[in-house]
Amino acid sequence: MGQYQITVLIGSLRQDSFNRRLATAMAKLAPPDFSFKQAQINDLPLYNQDDDAQQAASVLRLKADIKMAHGLLFVTPEYNRSIPGVLKNAIDHASRPYGQSAWAGKPAGVLGVSVGAIGTALAQQHLRNVLAYLDVPTLGQPEAFIQAKEELFGPDGGIGEGSQKFLQGWMNQYVAWVKHHSAASSMSR
């Protein structure tokens, strides 16, 4: 396969969020045959089943971004020991109407960064539960519960030297995960 398109879903709307910075920095660790597109979720209406027959243009755009992707990358903060409402809203929209989910079979990686010592461990676990139901094969190891420290990001916006080896290892596993599932998907067609 030539180029792998990855749709990135960031669970924070804040422009300078740690998780947005992490998503951008992680893309720099990927090989050249991987390209990352951050999905826009800030303009989605609140999910309402009454709208399933006439989904908003922003919802159709999100679903198209997911469908064209070879893989997904979720980068989320932890709000009150779970995933942010904006991310759950995006997940719900793209899974509906029933039987028309954009998520099924798309391999995913889950990351997150927080100022807390346990990073986003609980949010990631909640997200994995949701993704399992939606038939999204999710990379299990290595897990990455990242604490936002001053040296996490380098001066160029990439991953800082102290976290480089660990996060490069995570990215290498993620790349292999996406390639494995893309090959399996191609063979089953």
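The values are calculated or read from the model by the stated rules, or taken from the named source; none is laboratory data. As the structure is a computational prediction, the values presented were derived from the model and not from experiment. Counting neighbours? That spans all protein chains shown, and the Cβs are built from the backbone with ideal geometry, glycine included.
Annotation for segment 89-99: at least one member residue is of a type in the set (Lys, Arg), surrounded by 13 or more Cβ atoms within 10 Å (Cβ to Cβ) and either in a loop (DSSP other than H, G, I, E, B) or touching a strand residue (DSSP E or B) at 6+ places or on another chain (Cβ under 6 Å) (or both). Scanning segment 100-132 for residues that are assigned to a loop (DSSP other than H, G, I, E, B), crowded, with 18+ Cβ neighbours inside 10 Å and more than 15 Å from the chain's Cα centre (by Cα) yields a count of 2. Screening the candidates 135, 156 for the property of being surrounded by fewer than 17 Cβ atoms within 10 Å (Cβ to Cβ), at pLDDT 95 or above, in a loop (DSSP other than H, G, I, E, B) and touching a Lys or Arg at 6+ places or on another chain (Cβ under 9 Å) yields one hit, 135.
Return the residues of segment 56-81 that are at pLDDT 95 or above, surrounded by fewer than 20 Cβ atoms within 10 Å (Cβ to Cβ) and more than 15 Å from the chain's Cα centre (by Cα); say none if nothing qualifies. 56, 57, 58, 60, 61, 64 - these are the residues of segment 56-81 that are at pLDDT 95 or above, surrounded by fewer than 20 Cβ atoms within 10 Å (Cβ to Cβ) and more than 15 Å from the chain's Cα centre (by Cα). Screening residue 164 against (1) of a type outside the set (Gly, Ala, Ser); (2) touching a helix residue (DSSP H, G or I) at 6+ places or on another chain (Cβ under 6 Å); (3) part of a helix (DSSP H, G or I); (4) within 27 Å of residue 32 (Cα to Cα) leaves a single unmet condition, (2).
Would you call residue 69 touching a residue at least 60 places away in the same chain (Cβ under 8 Å) and not polar (S, T, N, Q)? Yes, satisfied.
Confirm whether residue 156 is under 30 Å from residue 50 (Cβ atoms) and free of Cβ contacts under 8 Å to residues at least 60 places away in the same chain. Taking the combined requirement at face value, the residue does not satisfy it. I'd like the residue in segment 160-189 that is aliphatic (A, V, I, L, M) and at pLDDT 95 or above and, out of all such residues, is surrounded by the most Cβ atoms within 10 Å (Cβ to Cβ). Ranking the qualifying residues of segment 160-189, first place goes to 178.
As a summary of the residue check, residue 150 satisfies the conditions (1) under 15 Å from the mean Cα position of the chain (by Cα); (2) surrounded by fewer than 17 Cβ atoms within 10 Å (Cβ to Cβ) except for the one numbered (1).
A quick yes/no check of all residues on (1) assigned to a loop (DSSP other than H, G, I, E, B); (2) farther than 17 Å from residue 145 by Cα:
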{"site": "5", "(1), (2)": "no, yes"}
{"site": "12", "(1), (2)": "yes, no"}
{"site": "22", "(1), (2)": "no, no"}
{"site": "26", "(1), (2)": "no, no"}
{"site": "29", "(1), (2)": "yes, yes"}
{"site": "37", "(1), (2)": "no, yes"}
{"site": "43", "(1), (2)": "yes, yes"}
{"site": "46", "(1), (2)": "yes, yes"}
{"site": "50", "(1), (2)": "no, yes"}
